[in-house]
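All remarks here apply to the structure that follows.
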Amino acid sequence: MNSHDDTAIVQLVDVGKAYGNVDALRGVDLTVRPGEVTCVLGDNGAGKSTLIKIMSGLHDYTSGEMVVDGEVRHFSSPRQSLSSGIATVYQDLALAPLQSVWRNFFLGNELTKGPFGALDIKRMKAVCDEELTKMGIAVPDLDRPVGGLSGGQKQCLAIARAIYFGAKVIILDEPTAALGVKQSGVVLKYIMAARDAGLGVVLITHNPHHAYLVGDHFVVLKLGRVTLDASKREIGLDELTAQMAGVSELEALEHELRHDDAPKVAVSPIDVD
């Protein structure tokens, strides 16, 4: 088993997850360091979702070790993961679209004042505005429903919220999957801002171009196993894209399509009355 990395916030060592007789993950190593973006790439069924569930406390792993701040941990709930400084931002973002921006920022963590626990709305608005401004996000009206924000702004709100509430690691689940080029650029900008603030960022994506723009380290998963583990200085975009696509599979497909002995499809003539 690999030795533990003292610089890591979170380290997965030879981690596996079995569902009955099916291995969703096998022998996965992953290191998340402060001030780095670790990109986990893979196609559908590669094991990305299982990896997220283990780190976020939804599922426990069945082999190997997950070390958080130097201690081997088994999370039994998302709350445990969050209290350990790991925040997960899912594609659906867990936002309440009809509630205001500031209410969504403090959703489940509302600030109160006075003996009767009244909501401290003024303070929550001030904090929300300050934290969004730190991330470079301008929302003139914090009372507007969050559903009116763009996809990129919603992602950035979720990132800013996670940072404010003490996250040391942010896991982003396909944050640009449903966004256009411009909004994707906005999200990638704030991923870099989170990294520059000293957080460890795990970017889950199937887009090697987005990953290469912001990533410091790349891990490619295929059928639950790591097929590539490389830093940015060790790999170029073309090679990362090829590894993600599966070079051998593409070459095999190309060979099949070009093969002279490929079966011919017989087409019956159309009868015309």
### Query
Of all residues in region 53-74 being of a type in the set (Val, Ile, Thr) and surrounded by 13 or more Cβ atoms within 10 Å (Cβ to Cβ), which is farthest from Leu25 (Cα to Cα)?
Val68
### Message
Restricting to region 189-218, name every residue that is surrounded by fewer than 23 Cβ atoms within 10 Å (Cβ to Cβ) and outside any helix (DSSP H, G or I).
### Response
Ala197, Gly198, Thr205, His206, Asn207, Asp216, His217
### Query
When you go through Pro78, Pro97 one by one, which is the residue that is farther than 17 Å from Leu172 by Cα and in contact with a Gly (Cβ under 6 Å, 6 or more places away or on another chain)?
Pro97
## Note on the structure
Ala230 meets each of (1) part of a strand (DSSP E or B); (2) surrounded by 17 or more Cβ atoms within 10 Å (Cβ to Cβ); (3) of a type in the set (Gly, Ala, Ser) with one exception, condition (2)
### Query
Only one residue in Gln91, Gln153 is in contact (Cβ under 8 Å) with a residue 24 or more places away in the chain, in contact with a strand residue (DSSP E or B) (Cβ under 6 Å, 6 or more places away or on another chain) and either assigned to a loop (DSSP other than H, G, I, E, B) or at negative phi (or both), so which one is that?
Gln91
### Selected residue [touching a residue at least 12 places away in the same chain (Cβ under 8 Å), closer than 21 Å to Pro78 by Cα and β-branched (Val, Ile, Thr)] from Val186, Val202
Val202
### Task
Output the residue which, of all residues in region 1-43 that are of a type in the set (S, T, N, Q) and free of Cβ contacts under 8 Å to residues at least 40 places away in the same chain, is surrounded by the fewest Cβ atoms within 10 Å (Cβ to Cβ).
Asn21
## Note on the structure
Subset of region 5-21, residues over 22 Å from the mean Cα position of the chain (by Cα) and either within 13 Å of Tyr61 (Cα to Cα) or at pLDDT 95 or above (or both), comes to Tyr19, Gly20
### Message
Name the single residue that is nearest to the chain's Cα centre (by Cα) among those in region 50-65 being closer than 16 Å to Ala87 by Cα and without any contact (Cβ under 8 Å) to a residue 60 or more places away in the chain.
### Response
Lys53
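The values are calculated or read from the model by the stated rules, or taken from the named source; none is laboratory data. It should be emphasised that the depicted structure is a prediction, and the values quoted were computed from it without experimental measurement. We place every Cβ from the backbone using ideal geometry, glycine too, and count neighbours over all the protein chains shown.
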